[in-house]
Amino acid sequence: MHLDVRLPIGLMFSIFGALLSLFGLFGGREVYEKHPLQVNINLYWGLVLLVFGVFMLVLVSRTRKR
Amino acid sequence: MHLELGWIDYLILVIYFLFVLGIGWFLKKTVSGSKDFFESGRSLPAWICALGFIGANLGAQEVMGMAASGAKYGIMTSHFYWVGAIPAMVFVAIFMMPFYYGSKARSVPEYLKLRFDEKTRGFNAATFAAMTIMSSGISMYALAKLLNAILGWNFHACIVMSGVIVLAYIFMGGLTSAIYNEVVQFFLIVFGFLPLVLMGLSQVGGWAGLVEKLKPVSTNAGFAPGAWTESWTHTGSAAANPMGIEWFGLAMGLGFVLSFGYWCTDFLVVQRAMAAKDMGSARRTPIIAAMPKMLFPALVILPGMIAIALHTAGTGNFKLPPKDGSLDYDMVVPAMLAYYFPTGMLGLGLTALMASFMSGMAGNVTAFNTVWTYDIYQSYLKKDGTDAHYLAVGRWTTVVGIAASMVAAYAAAQFNNIMDILQLVFAFVNAPLFATFLLGMFWKRATGHGAFFGLLGGTVAAAIHHGLSLPKGAVAGIKGGWLSSAMHTYPSEMAQNFWTAIFAWTACFLLTIVISVVTTQRKTDAELKGLVYSLTPRENEPGMPWYKQPVTLGILVIAATLLLNLVFW
């Protein structure tokens, strides 16, 4: 029995993604006003991480079904 | 420079550590013998080995060093990838992996034993083992120093923390655990640094904007305006580019001797490919690794170039911290993290950085415990132990390896000079190594005496060359010129290093040939089967589609690298 490495990667990046995007949505706005590009990078990059994490988890579950 | 962390940053770090330890814990039950512990049971798919292959090599010193170098020398730093890595990675995959994976050798020193003799193996095993401990110790020291400087964390606590975590996951899961964590670290580095590069590029106005902003950087330093953004144009003479090296020294020293010496003979990386589940996967490992590797300059060098551009143009109040009248280039990455990442993303960026420090350490420690257990303990101390005995030795060697790394870390903190000297000595030992392997694999007449004394001769040649030359502006001592007053002055330290390697390689190559010719070959053709090119039947793997063949993939990778060189010429 082997651990599929995509499982911890998928889980970890989903958690990071969810955390960062929620923090970006509900956390204070002032940090982004001081930001050199004034973007809510936590929200946007959090979503990217979430998509990647979920994609990895989908791959894992498809392999398992087979 | 000081970074302020919020609760979310700490949370991200803690979650990462839990995953790292969790991976080790889950893999614990898959380790039932020494083969699982040291070789991952030779069971991993190529893509995992490939990402581990890059991850083990991509320590944080590399990440921070490449960014520093990007700021100091510009796009020429990419030669460490497009000249100094990719060709050698393709070569090891196509020409050398059949012998490493196909022979019964479990490590690179063991290959030397099978191909040459015991003394050649002993020499390589001992120097390699010492070097891995030192590199792991330096990684540890650099991590602790950095965390102390930017976060104010306690230096000793950082040493202990990083040591204990790496120890725990290797002790439980062995090589598989180290490789899995390297894969995790690979994705962390990509996702942690990509937003930095994207935001940086958008602020300087894309590549075109960066080229414009780097012109004053070049002219201020006394070079042609394109010196920071053109990789080959200014290599006609060493004086015309910031690296101080001309194209021949670059191609031969870095592109041939140093790069092939590292990628083709260093067990730290080769071990990852040898963990693959079959010959085809083992051969594809370095080539698959080469694909992201050739794009890594965008991830690790570009931030440095953007940083120096922003600093010089005074855009958006970005400043690099000063040091000794110049700039503290080693702080490029922390400065960029602090500038672009608010709390939240900062946690992710720091986690990526810490992950690469730890996987750099873990890579060295896993290579160390394999070489120690198989090549030193089993060969010289206890030949006839049971498999369970060697597994236990491997586990406890991990503890010893981490403890020794801590000692090395404190030695680095206390006596900067000793570490520099040791590193230099190891550079001398390594520079000629590729000549030994090249002759060993492709010339069946090369003998054990030839290999051993060739290696020694190459090492001595490296030391003599270094002792007689100096980089411009340096004083005699650790930088060279310690034998007599310098007979030759190089325009830069890098040029001196590259030429030291060229001399060492050439001496080893010629000496091995001469000594082999005058000594008798003790190995029979039957013993050398599977170890030497001309005596090994060609592997043709039936049923492997053409696009999966290592040769096809290798040609593709080389063509793409050539294209990158031309685009950024």
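What residue among B:VAL332, B:VAL532, B:SER202 has its Cα farthest toward the positive end of the dipole of chain B, where the charges are +1 on Lys, Arg and -1 on Asp, Glu, each on the Cβ?
Sorting the options by dipole projection puts first B:VAL532.
In terms of the Cα gyration tensor, with a ≥ b ≥ c the square roots of its eigenvalues, is region B:423-537 rounded because a/c is under 1.5, prolate because a/b exceeds b/c, or oblate?
Because a/c hits 1.5 or more and a/b exceeds b/c, region B:423-537 counts as prolate.
Report the extension gain between B:LYS383 and B:VAL551 in nm, rounded to one decimal, defined as 0.36 nm multiplied by the number of residues separating them, less their alpha carbon distance.
Extending this stretch completely gives an extra 56.5 nm.
Taking the Cα centre as origin and putting +1 on Lys and Arg beta-carbons and -1 on Asp and Glu beta-carbons, what dipole magnitude results for chain B, to the nearest 20 debye?
Here the size comes out at about 960 debye.
Once you have the Kirkwood Rh of chain A from its Cα pairs, apply Stokes-Einstein at 20 °C and 1.002 mPa s and quote D in µm²/s.
166
Filter the DSSP H helices in chain B by two things, a Kyte-Doolittle mean of at least 1.6 and an axial alpha-carbon span of 18 angstrom or more, and list the hits by number.
Taking the DSSP H segments of chain B (at least 18 Å long, mean hydropathy at least 1.6), we get B:7-27, B:155-204, B:550-567.
Give the calculated FRET efficiency between B:SER484 and B:LEU562 to the nearest 0.05, with a Förster radius of 45 Å applied to their Cβ-Cβ distance. Mind dumping the intermediate values first?
On the way: r = 43 Å, r/R0 = 0.95.
With R0 = 45 Å, the Cβ-Cβ based efficiency is 0.55.
Label the protein assembly as shown by shape, choosing from rounded, prolate and oblate, from the square roots a ≥ b ≥ c of the eigenvalues of the Cα gyration tensor; if a/c is under 1.5 it is rounded, and otherwise prolate applies when a/b is larger than b/c, oblate when it is not.
Oblate shape, in that a/c is at least 1.5 and b/c is the bigger or equal ratio.
Calculated FRET efficiency, B:ARG445 and B:LYS29, Cβ-Cβ r, R0 51 Å, to nearest 0.05?
Numbers: r = 48 Å, r/R0 = 0.95.
Computed FRET efficiency for B:ARG445 and B:LYS29 comes out at 0.60.
Please tell me the relative contact order of region B:423-537 in percent, rounded to the nearest whole number, where contacts are Cα pairs under 8 Å and at least six residues apart.
Dividing the mean separation by the residue count of region B:423-537 yields 38 percent.
As an exercise, use a Förster radius of 35 Å and the Cβ-Cβ distance of B:ASP525 and B:VAL425 to find the FRET efficiency, rounded to the nearest 0.05.
For R0 = 35 Å, the calculated efficiency reads 0.40.
Pairing the Cα long axis of helix A:41-65 with the longest principal axis of chain A, what angle in degrees results, from 0 to 90 and rounded to the nearest 10?
10
Shape of region B:314-379 from its Cα gyration tensor (a ≥ b ≥ c, root eigenvalues): rounded if a/c is under 1.5, otherwise prolate when a/b > b/c, or oblate?
oblate
From Cα pairs below 8 angstrom and at least 6 apart in sequence, can you work out the relative contact order of chain B, rounded to a whole percent?
Details: 975 pairs, mean separation 154.3, N = 569.
So the answer I get is 27 percent.
Greater than 23 Å separation of Cα atoms is the criterion. Which listed pairs, B:LYS119/B:LYS277; B:LYS213/B:LYS293; B:LYS119/B:LYS382; B:LYS104/B:LYS523, meet it?
B:LYS119/B:LYS277; B:LYS213/B:LYS293, as the Cα separations exceed 23 Å there.
Rank the residues B:LYS383, B:LYS548 as a footprinting-exposure proxy: fewest other Cβ atoms within 10 Å of their Cβ go first.
Ranked by crowding around the Cβ, least crowded first: B:LYS383, B:LYS548.
Which net charge results for the neighbourhood of B:PHE38, defined as the other residues with beta-carbon distances under 15 angstrom from its beta-carbon, given Lys and Arg at +1 and Asp and Glu at -1?
+1
Over what distance in Å are the Cα centres of region B:463-538 and region A:1-48 separated?
49
Sort B:SER162, B:SER139, A:SER21 by Cβ crowding within 10 Å, fewest neighbours at the top.
Listing B:SER162, B:SER139, A:SER21 from fewest to most nearby Cβ atoms yields A:SER21, B:SER162, B:SER139.
Filter the chymotrypsin sites (Phe, Trp or Tyr not before Pro) in region B:388-492 to those in DSSP coil with at most 13 other Cβ atoms within 10 Å of their Cβ, and list the result.
Answer in residue order: B:PHE415.
Can you give the charge dipole size of the protein assembly as shown about its Cα centre, rounded to the nearest 20 debye, using +1 on the beta carbon of Lys and Arg and -1 on the beta carbon of Asp and Glu?
That gives the protein assembly as shown a dipole magnitude of about 1320 debye.
Can you tell me the relative contact order of region B:313-450? Whole percent, Cα pairs under 8 Å, sequence separation 6 or more. Can you show the working numbers first?
Values: 41 pairs, mean separation 16.2, N = 138.
So the answer I get is 12 percent.
With labels modelled as points extended 7 Å from the Cα through the Cβ direction, what inter-label distance (nm, one decimal) is found for A:LEU25 paired with B:ILE418?
Taking the two extended label points, one gets 5.6 nm.
FYI, it's all coordinate maths here, none of it is from the lab. Because the structure is predicted, anything quoted here is derived from the model rather than measured. For neighbour counting, all protein chains shown are included, and Cβ atoms are generated from backbone atoms with ideal geometry for every residue, glycine included.
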